[in-house]
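The block underneath contains the structure these notes are about, expressed in structure tokens.
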Protein chains: 2
Amino acid sequence: MIKVIECVPNFSTSDPQVVKPILDEIERTADAHVLDHTYDDYYNRLVVTFVGNEQSIIQAALHSAAKAIELIDMNKHTGQHPRLGAVDVVPFIPLGSASIRDCVEIARKFGESLANQSHVPVYLYGAAATRPERSDLDWIRKGEFEALSEMITKPDRNPDFGPSKAHPTAGATVTGARPVMAGFNINLGTSDLKIAKKIAQALHAKKGGFATVKAMAAAIPERKITQIGTSITDFRKTPLYRVFELIKLEAERYSVPVISSEFCGLAPLKSLIDIASHYLKIDNLTEDRVIEIAVQEAMEKAE
Amino acid sequence: MIKVIECVPNFSTSDPQVVKPILDEIERTADAHVLDHTYDDYYNRLVVTFVGNEQSIIQAALHSAAKAIELIDMNKHTGQHPRLGAVDVVPFIPLGSASIRDCVEIARKFGESLANQSHVPVYLYGAAATRPERSDLDWIRKGEFEALSEMITKPDRNPDFGPSKAHPTAGATVTGARPVMAGFNINLGTSDLKIAKKIAQALHAKKGGFATVKAMAAAIPERKITQIGTSITDFRKTPLYRVFELIKLEAERYSVPVISSEFCGLAPLKSLIDIASHYLKIDNLTEDRVIEIAVQEAMEKAE
């Protein structure tokens, strides 16, 4: 198996005129491949998924970040998702035979280069964090872009790279390394954001919910519904069916139906296996017993 | 995408001393790779899944068939699954860029070579059938090994290749081409085979069940349970959750619990996506939005 690095940068834009040039920068980088991108107005946020090797992944991340910093002015940005800057967060994720250590190294190189290139302060998070509290993205992002100029002057808020001063239009960037996680959004048949917030709290690790889950509520006014956005950092420990069924249970209290759900970004195969195995009581279904994976592995061995 | 052919031969044995030499014959064939094999005493049947290219798949199928014919005596064989011979059925299935026409051609070559090599009568079924009624495996297998000597002399039962005479120890072989199907077994918490048979009938296409489903009931005495074995020829039209939920519904009538289930052979990714999408109400989840597949496709494009 070769080393494949996945990068899932989050940019603070949902303007198609800005989205396209950012994607173009990744596409034009040799050996970098965009797998997916999603953006919407209620989060006002672009999430791109791309893969590459240890060199191309950094190049593509730097090219796209430079374009975003050029085109996005955070002073004009509003949205329901917390954010610190134009290039808000840039996680690197090991796939294939790549390790989390490889991705820590990559995040450091990317962070240092970005700070030098664009004079944006950069924080390291996740497995790349330089202090324990900084492994938590929420801790770093506290106060968001609006409070950044004030927060960044505090000694414990000094960035890992770049100036101790917010970039006037691009704020700051957080980069780091983490394992594959599942982003999963569940739509509720209510426009009442208060109900959605209560349900999100029931799930959220810091509020007593599942230890590997972060959840937030957002309104989708044009559809007159609300959405629970979840990040499941370890979907092997906390399978998605459990998250979904807990949301259903909490929503029943308010007679609110769960109307649909969607993966934010790509779906990990293991998360689908766990869902199918739960509802159909399937014994012993593993990734290598899925035809497409078994064939792929047999062909790789043959090479 | 390259052409990959899958072959899922069913042999009439569950004797480890016979299973191993059969598998060895496939493994020793260049460019043929065993992905999976399952066998058990109650069906007294070995199901092997292997892949190869257009040449190696025929070679591996012929090698393993010769070994099975050498070692299995159908006169001593009993089992709950219908069977016509030692090498009971040998379907060829297109994967990657291979087509069903490629597999029809392969089945014909295999059938002719097997008849010449081992003097076993061979029938063509599925997309390779030479008469409409022969597309149905059950039609060909009617009367099973025990009635074969009598049936084979009838003009409409003439084999497509080989002598119009049952092989004394190996019976006959059916080979053909078909799309990927799902084999799915559901275990019931009852030892009452009559109940299991009623439930199987509710599912079976010919009894008014789902048009793409074949179902049969079998006893698993050592576990004091029964099993519904299903073949879902088009799991895109008839998703597995629907089959599972119908079994649950019918079983409730008898207060019988569904205790577990398992794929027989490998699981097609699409079948897992459909299960997850149903229970979690996921919108728009497709195969190319699963990480492992998206990465694979990006890497193939890059080559």
Stick to Cα atoms and the Kirkwood definition of Rh, then tell me Rg/Rh for the range A:96-201. 1.06
Expressed in nanometres to one decimal, the distance between label points 7 Å along Cα→Cβ at A:Gln17 and A:Arg236 is 4.6 nm
Debye intensity ratio I(q)/I(0), log10, the range A:245-303, q values 0.12 Å⁻¹ (C-alpha model): -0.48
Label zone at B:Arg223, where the point sits 7 Å out along the Cα-to-Cβ direction: the range B:21-51 residues whose backbone N lies under 13 Å: B:39-43
Rounded to a whole number, the Stokes-Einstein D of the range B:3-177 in µm²/s (Kirkwood radius over Cα pairs; 37 °C; 0.692 mPa s) is 210 µm²/s
Give the residues of the range B:174-192 whose amide nitrogen is closer than 17 Å to a point set 7 Å from the Cα of B:Lys206 in the direction of its Cβ. B:174
7 Å along Cα→Cβ, label-point gaps from A:Asp288 to other copies, nm, shortest first: 2.9
Would you kindly compute the Cα radius of gyration of the range A:182-289 and its largest Cα-Cα separation (Dmax), both in Å? 14.0, 43
Over the protein assembly as shown, what lengths in whole Å, largest first, do the semi-axes of the equivalent ellipsoid take, defined as the square roots of 5 times the eigenvalues of the alpha-carbon gyration tensor? 55, 28, 18
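Once every DSSP H run of n ≥ 4 in the protein assembly as shown is given -39500 (n - 2.57) and the sum is divided by its residues, what mean residue ellipticity at 222 nm do you get, rounded to the nearest 500 deg cm²/dmol?
-11000 deg cm²/dmol
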Which whole-percent values make up P(r) of chain B when all C-alpha to C-alpha distances are grouped in 20 Å steps starting at zero? 32, 58, 10
Taking B:Ser149, A:Ser56 and counting other C-beta atoms within 10 Å, the order from fewest to most: B:Ser149, A:Ser56
For the range A:152-216, what Kirkwood radius comes out of the mean inverse Cα-Cα distance, in Å? 15.3 Å
Label point 7 Å beyond Cα along the C-beta direction, distances from B:Glu70 to other copies (nm, shortest first): 7.0
7 Å along Cα→Cβ, label-point gaps from A:Asp15 to other copies, nm, shortest first: 7.7
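Can you pull a Stokes-Einstein diffusion coefficient for the range A:1-86 at 10 °C (1.306 mPa s), Rh from Kirkwood over Cα pairs, as a whole number of µm²/s?
Answer, rounded: 122 µm²/s.
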For chain A: relative contact order, % (alpha-carbon pairs under 8 angstrom, 6 or more apart): 16 percent
Which of the lysines could a cross-linker span from B:Lys76 if the Cα-Cα distance has to be under 18 Å and same-chain partners fewer than 8 positions apart are dropped? B:Lys67
Among DSSP beta bridges whose residues both lie in the range A:3-177, state the antiparallel percentage, nearest 5. 70 percent
Simple spin-label estimate for A:Ser99 and A:Glu150 in nanometres, 7 Å along Cα-Cβ: 4.4 nm
Pairwise centroid distance, computed over Cα atoms, of the range B:246-285 with the range A:130-160, Å: 46 Å
Sequence of B:His37, A:His33 once ranked by neighbouring C-beta atoms within 10 Å, starting from the fewest: B:His37, A:His33
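Just so you know, all these numbers are worked out from the coordinates, no wet-lab data involved. Note that the structure is predicted; figures quoted are calculated from it, not measured. Glycine also receives a Cβ, built like all others from the backbone with ideal geometry; neighbour counts cover every protein chain displayed.
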